[in-house]
Amino acid sequence: MKARLQTAQSEFIRAKDENLALLLQLIQLRNHSVQQVDFCTHMGSALCTLLWGVSIREETVRSILGMEKTTEFFSLAAQTVSSFVESVAVSQDEDPEESCFVLGLAGTITNVAAVSCGRDFLMSSCRDLLGTWIQLLGKMRAGICSRLRVLILMTLYNVSIHRQGLLWLCQYRGLVPQLLQLLADPDCEVCLHALRLIQSFILEPDVLHMFWGDLQECLPHITELSHTASPDVQKMAAEVLEELRGPMVEGCPITGK
């Protein structure tokens, strides 16, 4: 029994040492993994910021659209931005490096949508991405991810310049009410670009008729913005009011003052 006890004790000590060695390896692997994630985040942030900067040129956008991995890149961009928004919604905190990474992605897509060939590409191959953009607008609460919301609004505005894109956006009947909620956002840039997108809708008579009920409800708030907001927002709100009060389409009486 003594011999068996000694054997059991030896096996216990050996197993304990093995477990300790495995634990140390796990800690080292975990630290290495964290370092790799940090490195990838910094690298992604730098590369996407550079891509955002060069994509302002139309010839660069054409080059991007001609590559084999373009559609995959946009799909990964949508997934990355969605994960970031969900993470921020839980933690209520934006990591500066991750935020820079995501803004680089969103900014690049905004620049692509600013070019005619880019809008054609997005409408033909990346409608899922645009649908994700619309969904994300509703997931980000006021005061959080303001720059990201501005870039998403700019992308949707650029898409709305394309008539096919505008008609496609009209399928999302919750988009205009969502834009009207953004008019109360504390960030003036968010308000400004929400107004620009609303203006894009009302300039098309058929679209204006579709959303007339929603737009009627927002007239008082837009009127308030035209007097109390920042100068740029005041100017845009005044333009929207002028266009809403004009003879836009038959059957849409204007009741706002």
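Only one of S45, S82 is assigned by TED's automatic domain parsing to the domain that holds M140 and in contact with a Lys or Arg (Cβ under 9 Å, 6 or more places away or on another chain). Can you tell me which?
So the residue among S45, S82 that is assigned by TED's automatic domain parsing to the domain that holds M140 and in contact with a Lys or Arg (Cβ under 9 Å, 6 or more places away or on another chain) is S82.
So T60 fits all but one of (1) in a helix (DSSP H, G or I); (2) at pLDDT 90 or above; (3) within 20 Å of the chain's Cα centre (by Cα); what number is the exception?
(3)
Out of curiosity, is L167 at pLDDT below 90, on the phi < 0 side of the Ramachandran plot, surrounded by fewer than 19 Cβ atoms within 10 Å (Cβ to Cβ) and not β-branched (V, I, T)?
yes
Among (1) modelled with pLDDT under 85; (2) under 21 Å from I161 (Cα atoms); (3) of a type outside the set (S, T, N, Q), where does A229 come up short?
The number of the failed condition is (2).
If you scan region 118-151, which residues turn out to be among the small types (G, A, S) and within 23 Å of C100 (Cβ to Cβ)?
G118, A142, G143, S146
Does at least one position in region 99-110 carry a residue that is more than 24 Å from V37 (Cα to Cα), surrounded by fewer than 18 Cβ atoms within 10 Å (Cβ to Cβ) and in contact with a helix residue (DSSP H, G or I) (Cβ under 8 Å, 6 or more places away or on another chain)?
The answer is no; no qualifying residue exists.
Take L179 and decide whether it is in contact (Cβ under 8 Å) with a residue 12 or more places away in the chain, of a type outside the set (D, E) and under 25 Å from L65 (Cβ atoms).
Answer is no for this residue.
Could you check, for region 167-176, whether at least one of its residues is outside any loop (DSSP other than H, G, I, E, B) and either under 22 Å from T41 (Cα atoms) or acidic (D, E) (or both)?
no
Being within 20 Å of T70 (Cβ to Cβ) and part of a helix (DSSP H, G or I) is the requirement here; does L20 meet it?
The answer is no for L20.
Does R147 satisfy being under 20 Å from L47 (Cα atoms) and among the basic types (K, R)?
Yes.
Which residues, counting only those in region 188-217, are surrounded by fewer than 17 Cβ atoms within 10 Å (Cβ to Cβ), charged (D, E, K, R) and in contact with a helix residue (DSSP H, G or I) (Cβ under 8 Å, 6 or more places away or on another chain)?
E217
If you take the residues in region 77-98 that are of a type in the set (A, V, I, L, M, F, W, C) and surrounded by 13 or more Cβ atoms within 10 Å (Cβ to Cβ), which one is nearest to the chain's Cα centre (by Cα)?
Only one residue fits best here, namely V81.
Which of the residues spanning region 218-227 are under 24 Å from L151 (Cα atoms) and surrounded by fewer than 16 Cβ atoms within 10 Å (Cβ to Cβ)?
Matches in region 218-227: H221 only.
I'm checking my understanding of the structure. Among residues of region 179-216 that are assigned to a helix (DSSP H, G or I), over 18 Å from N158 (Cβ atoms) and among the aliphatic types (A, V, I, L, M), which one is modelled with the highest pLDDT?
Among them, the one singled out is L180.
Would you mention how many residues in region 121-148 are in a loop (DSSP other than H, G, I, E, B) and more than 10 Å from the chain's Cα centre (by Cα)?
Residues that pass the stated criteria total 5.
The values are calculated or read from the model by the stated rules, or taken from the named source; none is laboratory data. Since we're looking at a predicted model, the values are computed, not measured. Cβ sites come from the backbone with ideal geometry, for glycine too, and all protein chains shown count toward neighbours.
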